[in-house]
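Below is one structure, written out as structure tokens; comments come after it.
Bear in mind that the values in this text are calculations on the coordinates, not laboratory data. In this text, all values refer to a predicted model and were calculated from it rather than measured experimentally. FYI the Cβ positions are ideal-geometry reconstructions off the backbone, even for glycines, and counts take in every protein chain you see.
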Amino acid sequence: MPELPEVETVRRGIAPHLTGQIVTEVVVRQPRLRWPVPEELALQLPGQIIRRVERRAKYLLLRTDAGTVILHLGMTGRLRLLPAYTPLQKHDHADLVLASGQCLRFNDSRRFGALLWTTQPAEQHPLLQALGPEPFDATFSGAYLRRRAQGRTPAIKTFIMDNHIVVGVGNIYANEALFAAGISPLRPAGQITEVECERLTVAIREILDEAIRQGGTTLRDFIGGDGERGYFQQSLRVYDRHGLPCAACGQPIQRCRIGQRATYYCPHCQP
Ligand SMILES: [Zn+2]
């Protein structure tokens, strides 16, 4: 499943091709995605200029003066920029045709992705309004995390994976960030000190930033905004290293499950 770094990589890949372009046509071949593709999309988007290509959590936002396209890749969604009217492949569900002669083509075999349209401020869309801050926002600080964690009993790992607290911290990134911050994933969120919260926010940012620079850690095939395969796995220091020596102290990495999710940690380095 594409994680935040992959979605950001896609955004950076497609943005130069979309920004400033007029959408000349919207072709929806399969409206039954995770939610139905609204009919208004094909009626209201053509003729609009894509002003900006933004990302909020794992949603891509194509901003126009008339409204915003909200796109989510779900489990298997892929976006490609192709010459308009390129012959179709299986699961090519929708095209946004551009005045440049290219089209943005959405392919999604499992159809958990979304292609939506809103004429309201996108931030107020039901899918977006309850989301926590972006990890790179200044509001996501040690003090913020400490305040939100106060009195909370879930494991800190579960806590930082909660989209209402902060977006974009998938399972691999949570494992890696807790290792980098030297915090046991098992500790109750409310027991993490402010200094530790500060270390953790820094670690989350660094891990995600590294992942974005490398194009994401995705463990399966993934096609980026430019249609090129070419993602490789980020160097993982703790994830999937059960029994292997800790990179810092040499003791074996432990594995357990927290909230059904595979969890890896070094008991010595992450007290
Ligand atoms: Zn260690």
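Could you point to the residue in Val27, Gln89, Ala177 farthest towards the positive end of the chain's charge dipole, with +1 and -1 charges on the Cβ of Lys/Arg and Asp/Glu respectively?
It is Ala177.
Given only helices, namely DSSP H runs of n ≥ 4 each adding -39500 (n - 2.57), what is the per-residue ellipticity at 222 nm of the chain, to the nearest 500 deg cm²/dmol? Display every interim value, and only then the final one.
Working: 6 runs with 66 residues, N = 271.
About -7500 deg cm²/dmol.
Whole-Hz ³J(HN,Hα) for each residue in the range 63-70, computed from phi via Karplus 6.51 cos²θ - 1.76 cosθ + 1.60 with θ = phi - 60°, x for glycine and proline: what do you get?
After applying 6.51 cos²θ - 1.76 cosθ + 1.60, I find 8, 10, 5, 8, x, 10, 7, 10 Hz.
Quote the charge dipole size of the chain about the Cα centre in Debye, to the nearest 20; the model charges only the Cβ of Lys and Arg (+1) and of Asp and Glu (-1).
Using Cβ point charges on Lys, Arg, Asp and Glu, the chain gives about 660 debye.
Using +1 at the Cβ of each Lys and Arg and -1 at the Cβ of each Asp and Glu in the chain, identify which of Leu115, Tyr239, Ile50 lies farthest towards the dipole's positive end.
It is Tyr239, whose Cα lies furthest towards the positive end.
Work out the length of the dipole vector of the range 96-196 about its Cα centre, built from +1 on the beta-carbon of each Lys and Arg and -1 on the beta-carbon of each Asp and Glu, and round it to the nearest 20 debye.
That gives a dipole near 260 debye.
How much length would be gained if the chain were fully extended between His242 and Val195, taking 0.36 nm per residue of separation minus their Cα-Cα distance, in nm to one decimal?
Extra length from His242 to Val195 when fully extended: 14.1 nm.
Whole-Hz ³J(HN,Hα) for each residue in the range 36-41, computed from phi via Karplus 6.51 cos²θ - 1.76 cosθ + 1.60 with θ = phi - 60°, x for glycine and proline: what do you get?
Those phi angles translate into x, 5, x, 4, 4, 4 Hz.
For all pairs of alpha-carbon atoms in the range 1-158, what percent lies in each bin of width 10 Å, listed from the first bin to the last filled one?
Histogramming the range 1-158 at 10 Å steps yields 10, 37, 33, 12, 7, 1 percent.
Can you list residues whose amide H is under 5 Å from Ile258's amide H, if they're 5+ apart or on another chain and H is modeled 1.01 Å from N?
Thr263
Provide the packing ranking of 138-146, 166-174, i.e. peptides ordered by the mean count of other C-beta atoms within 10 Å per residue, highest first.
166-174, 138-146
Taking Rh as the Kirkwood radius, which is the inverse of the mean 1/r over Cα pairs, what is the Rg/Rh value for the chain?
The Rg/Rh ratio comes out at 1.02.
Tabulate in residue order the Karplus-calculated ³J(HN,Hα) for the range 23-35, using 6.51 cos²θ - 1.76 cosθ + 1.60 with θ = phi - 60°, rounded to whole Hz; enter x for Gly and Pro.
Result, rounded to whole Hz: 7, 9, 7, 10, 10, 10, 8, 9, x, 8, 9, 3, 10.
Measure off 7 Å from each Cα along the Cα-to-Cβ vector at Cys256 and His164, then give the distance between these two points in nanometres to one decimal.
Label-label distance for Cys256 and His164, simple model: 2.5 nm.
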